[in-house]
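These notes are about the structure you will find just below.
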Amino acid sequence: MKLIFLGAPGSGKGTYATRVAPAIGVPQISTGDIFREHLKNNTEIGKKIKSIMESGNLVPDEVVMEIVKDRLKKDDVKKGFIFDGFPRTLEQAEEFGKITSVDAVVNLVVPEKIIIDRLTSRRVCEKCGSIFNIMSMKPKEEGKCDKCGGKLIQRKDDTLEVIMDRLNVYKKQTQPLIDYYRKKGLIIDIVNDNPNASPEQVLPRILEKLKNIQTK
Ligand code: AMP
């Protein structure tokens, strides 16, 4: 199954994509994670995108398409994929449409107030990228990843100022994608307006809707 997860920063894209992917046997591909790896390893791409990412802006489409095309060369995408955080502009969606088909687009709809609270309290494992939340998805031991024991840190772009910028970028550049995919009949809306709902409560709703999806 070939899926895209759309939603504002903090809507839970990464959290749900990492849970749905093993359930349907496809890899989860986060372009944000790939870029963070480039930053960590100080690659040529990393140097090019550092200031853009830290300010909450979007990396240029050509750079994004380069890493996406590269990722699609790996064997594990033969059964499908979940893209999380890609596409983010109409241009990326159109380019992507030339390379591969998509079976469905999961659109996570979450009120802005919940998003802001969630992002300011989000923590990620520096080592394996697992996501926690000091309010709602606490690690067993403070500051330590449950999965690998790595240190939990706050992303540089999870400060209030950058979050507001990222939400504006989302409204301007990514929201038009919802119309684009809705016109193609691909959108599955998942509304989550309960700030206390755990991923385990929301996940079955997503999996249930995916049962009816025809793969191309
Ligand atoms: P994310 O982890 O998905 O929130 O992405 C973090 C940052 O990586 C974004 O704020 C952008 O700077 C960059 N990024 C990730 N995916 C894309 C994309 N598809 N297009 C442009 N920039 C991206």
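A compact table of results
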item	result
Condition check for Ile188: touching a residue at least 60 places away in the same chain (Cβ under 8 Å), under 30 Å from Lys2 (Cβ atoms), within 15 Å of the ligand (Cβ to nearest atom) and not acidic (Asp, Glu)	no
Looking only at the stretch 70-83, and only at residues there that are within 14 Å of Pro22 (Cα to Cα) and at pLDDT 95 or above, the one that is nearest to the ligand (Cβ to nearest atom)	Phe83
Any hit, the stretch 139-152, residues being under 20 Å from the mean Cα position of the chain (by Cα), hydrophobic (A, V, I, L, M, F, W, C), more than 16 Å from Ser121 (Cα to Cα) and crowded, with 17+ Cβ neighbours inside 10 Å	no
Unmet criterion (only one of (1) without any contact (Cβ under 8 Å) to a residue 24 or more places away in the chain; (2) within 14 Å of the ligand (Cβ to nearest atom); (3) of a type in the set (D, E, K, R)) for Glu44	(2)
Any hit, the stretch 141-158, residues being in contact (Cβ under 8 Å) with a residue 40 or more places away in the chain and in contact with a Ser or Thr (Cβ under 7 Å, 6 or more places away or on another chain)	no
Selection within the stretch 48-69 - more than 7 Å from the ligand (Cβ to nearest atom) and among the polar types (S, T, N, Q)	Ser51, Ser55
Residues of the stretch 55-83 classified as among the acidic types (Asp, Glu) and surrounded by 14 or more Cβ atoms within 10 Å (Cβ to Cβ), total	1
Considering residues of the stretch 124-136 that are farther than 21 Å from Gly32 by Cα and surrounded by 15 or more Cβ atoms within 10 Å (Cβ to Cβ) only, the residue modelled with the highest pLDDT	Ile134
Selected residue (only one of Ala17, Ala23 is touching a strand residue (DSSP E or B) at 6+ places or on another chain (Cβ under 7 Å) and of a type in the set (A, V, I, L, M, F, W, C))	Ala17
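The values are calculated or read from the model by the stated rules, or taken from the named source; none is laboratory data. A quick note: this is a predicted structure, and the numbers were derived from the prediction, not measured. A quick note on method: Cβ atoms are made from the backbone with ideal geometry, for glycine too, and the neighbour counts reach across all protein chains shown.
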